[in-house]
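Derivation of every value follows stated rules applied to the coordinates shown; laboratory data play no part. All values reported here derive from a predicted model rather than from experimental measurement. All Cβ positions, glycine included, derive from the backbone under ideal geometry; neighbour counts span all protein chains shown.
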Amino acid sequence: MSISVSRITILGSFLLAAAIYLTMVLFTLPQIAQFANGAMAFDMRPSGYSVQEAKHFLISLGQEGRQFYLSQQLLLDVFYPALLGVFLFGSLNKLASLASGTWRMVLIGAAIISILAIGLDYAENISIAMMLLSADVQAGLVQTASFFTIAKSVITTAVFVVLLIGAINQVLAVRLREPRL
């Protein structure tokens, strides 16, 4: 893969993505749950949601909760996917440059697939915004949003697993090359 991302860019994107994620997990998502009588935000339902669940959530959320979701959570979620994408793509690309054979191809494939995950995250966000703005959300929109949520969750998890295995593999490879005393 010929696209190279510097280590500083990878680290910076990781730190910014982590800061945004923590802000969402510690502030905006609990606030959304509070508006919705304890129900989890759409973003945090990796197995998706039914039309009935979505409609119930939107009713529970109320107008103030919908506005908060749109203006706070989704605002943060404009930046988070891009930063996560730079981190994932850059990290996998870096690991691929150190690997060989089949494992190199797996890492390159995961780097490319990480871009798809980011696209799915943005599609999910747009679908969620449309649901939040809708007075009477249609079944097709809910099903589409739920599909994007599930697909994003599955693909992002798979990419993280490959990244973790790749990082462990690289650490072990370096350790095995170190001279023993």
With charges set only on the Cβ (+1 for Lys and Arg, -1 for Asp and Glu), what does the dipole of the chain come to about its Cα centre, in debye to the nearest 20?
800
To the nearest 10 degrees, how steeply does helix 7-23 sit against the main Cα axis of the chain, on a 0 to 90 scale?
30
Between L15 and Q63, what is the label-to-label distance in nm when each label sits 7 Å out along the Cα-to-Cβ direction?
4.3
What list of ³J(HN,Hα) couplings, whole Hz, do you get for the range 163-168 from phi and the Karplus terms 6.51, -1.76, 1.60, once you set θ to phi - 60° and write x for glycine and proline?
4, 4, 4, x, 5, 4
Given 37 °C, 0.692 mPa s and a Kirkwood radius over Cα pairs, the Stokes-Einstein diffusion coefficient of the range 36-181 in µm²/s is 194
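Taking only C-alpha pairs under 8 Å that are 6+ residues apart, what is the relative contact order of the chain in percent? Present the calculation step by step, with values, prior to reporting the outcome.
Details: 186 pairs, mean separation 50.2, N = 181.
The value is 28 percent.
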Cα lying deepest toward the dipole's positive end in the chain, options F27, S47, Q170, charges on Cβ
Q170
Along the range 146-160, what does the Karplus equation 6.51 cos²θ - 1.76 cosθ + 1.60 (θ = phi - 60°) give for ³J(HN,Hα), rounded to whole Hz, x for Gly and Pro?
4, 4, 4, 4, 5, 4, 4, 5, 5, 5, 4, 4, 4, 5, 5
